[in-house]
Structure formats: structure tokens, C-alpha cells
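Working notes for the structure below.
The values are calculated or read from the model by the stated rules, or taken from the named source; none is laboratory data. What you are looking at is a predicted structure, and each value in this text was computed from that prediction instead of being measured. Neighbour counts run over all protein chains shown; Cβ positions are idealised from the backbone, glycine included. Areas reflect the complete protein model, heavy atoms only, side chains present, ligands, DNA and RNA absent. Shrake-Rupley method; radii C 1.70, N 1.55, O 1.52, S 1.80 Å.
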Amino acid sequence: MTETHQHERGAALVEFAMVFAFLLMMAIGAFEWGMGFRDSVSVNSAAREGARVGSSAGDNAQADCRILEAAAGALQAISGNQVAQLWIYRTDTAGTVSTARNVYRPALPTDNPASLRCGTWFPISQNWAETSRDNDGATRDWLGVQILYDHRWHTGFMWWNGTVQWAERAVMHLEPSVGA
């Protein structure tokens, strides 16, 4: 084999390594982006489901429990990720988060069972009582549900390792109470 053929084989090997590395990074990136998008859509659906249920629950004393249960049911689709918090808040048509909000996190084994809401949620703060929500007349409240969750990257490759916290939210107008 001549010296020229050896150089060409070496150049082809280097080119293959560079192209393969680039294609591998693109494939892993597409996989990670797809998994992140899937989880984002699932959590967004859970926020919408919670807001939808909350809009019809109105000023019921168990409205937050209904919202939490609906969102938790919809969150069954995501795996390997952790819900950090779920916010239920009064908002306006622009979706602005007000200080009138109730913040929950999933219960931990160390939490006192007597302090849990709906059996599986621990209240962090409660500044918007369910019974104070206005669901009558033209000035009905707008209700928002925001879910903060930690998305775990699957491959751990390069910058796709560890977790990142994302939030999804939905806003709906409270439905008028029956007979209003």
C-alpha cells in the first residue's frame, strides 16, 4: 500500500469520527427534546384539567381538593419527573399570578398525615379560601393553576444531565353557580 492510500484512509477515519459525533449529538438532542416536549404537553394538560375542574367547582369548600385530584390524575402520564408544586391562584384575563393563591406540594413520608389536603398534598401556603371565590354575576373570578415540575433528562449526555424545573399553567373563568 502506498503512502498516499494510508493518508486517505486516515483522513476518511477522521472525517467519519467527526460526522458520527455530530450525528450522535443531533440524535440524542432530538430524543431529549422529544421527551421534554411530551412531558411539557402532559403537564400542560394536567394544569388545564385542574383549571377546568376548578372553574366548575367555584366556591365549593372542597374546590382545591377537586383541582388537586384532577391534576394528579392527569399527571399519571409523566414518569421519572417530580412535581415540585401546584399553585391555585386568583388571576386576571392576562394570567397574572396574584398573592391570593394556595400552594401545595406532593406529600412526603415524613409529613404529618393530619396536615395533608386530599390525602396526598401538603399545603405550603393558603391565601385564597375556596369559599371566598366569586362565581356569581359579571365580576366572577378568574382561576389559574400552575404546576412546577422537575424534568429529568434521560441520557445524561453533555448538557442534558440532571434536572431542570419547568412550569405550565392554565387560566379559566369561574362558572356561575347553579341557579345564578
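Before moving on, here are some points about what is shown:
- Per residue, in Å², the accessible surface of segment 42-143 once ligands and nucleic acids are set aside, probe 1.4 Å: 47
- At q = 0.11, 0.15 Å⁻¹, base-10 log of I(q)/I(0) for the chain (Debye sum, equal scatterers on each alpha carbon): -0.57, -0.87
- Between segment 112-180 and segment 10-41, the alpha-carbon center distance in angstrom: 36
- Most positive-pole-ward Cα, Thr120, Gly156, Ser79, against dipole of segment 77-162 from beta carbon charges: Gly156
- Reciprocal of mean inverse Cα separation for segment 77-180 (Kirkwood radius, Å): 15.8
- Unit charges on C-beta of K, R, D, E only; dipole of the chain, Debye: 240
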